[in-house]
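Chemist: Structure in structure tokens, see below.
Each value in this text was obtained by applying a stated rule to the coordinates, not by laboratory testing. Bear in mind the structure is a predicted one, so any value in this text is a computation, not a measurement. So basically every Cβ, Gly included, is an ideal-geometry build from the backbone, and we count neighbours across all protein chains shown.
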């Protein structure tokens, strides 16, 4: 999964707005606990992925996140002894002892799993829709060496992935018994020095060896930038209001308390509206 420029409002916004937008959704996932509100965050992320044209990338992330969420829910249900409503009595289980699965532990495990899924989708949306070069450009005036290190890390990972795929294809096409791990390691590491020299030469040409900090590039804020900044602020305000004001109450222990009243539906609807509103403006999103 990597960034690729697409015709979408999120791609048209500057990296700072995209970072604030993804961070706001991640904070909302961490602050909210009611299943309906968390479900609204997940739906908002999926809608944002579709609006940004990166729905396929988010689907790939979901293929990893959904099994992880199920595992988290199952583990919490098995190891947590809190809760008053017993739904399954397993008796004595090796390594776990006497185990009773409660409704409260199961529901809270599902909440933790959905939260993990939301955070994974946030990371996938950031990776696919926020320009990493522009993000590094924001921080290079603050810490030049850190920006250089991050640049090398983000640029070398896709190269190594492509090398591993080529080696895997060559291994499948080779007749006879498969080569040993030592042979594959030697083949993968044989070009490390040459690649290091190429990267060093490219960095020198681009001026990374200079002691002078790059000049600040000033760009006026556009309507997409303002829209995503405003959306991020609105999402944080809604999540904080729900957390502090008790608009989406949720208590798992000792007895489950998760009323799905009008306030909960209002919070969920506000999260969805604030997250998807910036995608309504499609002007100026050409490649």
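Chemist: Round to a whole angstrom and tell me the spacing of the C-alpha centers of segment 19-40 and segment 56-131.
Modeler: 16 Å
Chemist: Taking a virtual spin label 7 Å from the Cα of residue 255 along the C-beta vector, which residues in segment 67-109 bring their backbone nitrogen under 16 Å of it?
Modeler: Counting backbone N atoms under 16 Å from the label point, the list is 83-87, 103-105.
Chemist: Could you state the principal axis extents of the C-alpha atoms in segment 17-74, from the largest down, to the nearest angstrom?
Modeler: Extents along the principal axes, in whole Å: 35, 25, 17.
Chemist: For segment 1-123, what class follows from the C-alpha gyration tensor (a ≥ b ≥ c being the square roots of its eigenvalues): rounded when a/c is under 1.5, otherwise prolate if a/b is larger than b/c, else oblate?
Modeler: Prolate is the answer for segment 1-123, as a/c is 1.5 or above and a/b outweighs b/c.
Chemist: Fully extended, how many nm does the chain gain between residue 281 and residue 4 (0.36 nm per residue separation, minus their Cα-Cα distance)?
Modeler: Extending this stretch completely gives an extra 97.7 nm.
Chemist: Let me ask something else about it. Counting only C-alpha contacts under 8 Å and six or more residues apart, can you give the relative contact order of segment 219-287 as a whole percent?
Modeler: Value for segment 219-287: 38 percent.
Chemist: For labels at residue 30 and residue 89 in the simple 7 Å Cα→Cβ model, what's the distance in nm?
Modeler: 4.2 nm
Chemist: What shape does segment 91-137 take by its C-alpha gyration tensor, where a ≥ b ≥ c are the square roots of the eigenvalues and a/c under 1.5 counts as rounded, a/b above b/c as prolate, and the rest as oblate? Mind dumping the intermediate values first?
Modeler: On the way: a/c = 6.88, a/b = 3.43, b/c = 2.00.
Prolate, because a/c is 1.5 or more and a/b exceeds b/c.
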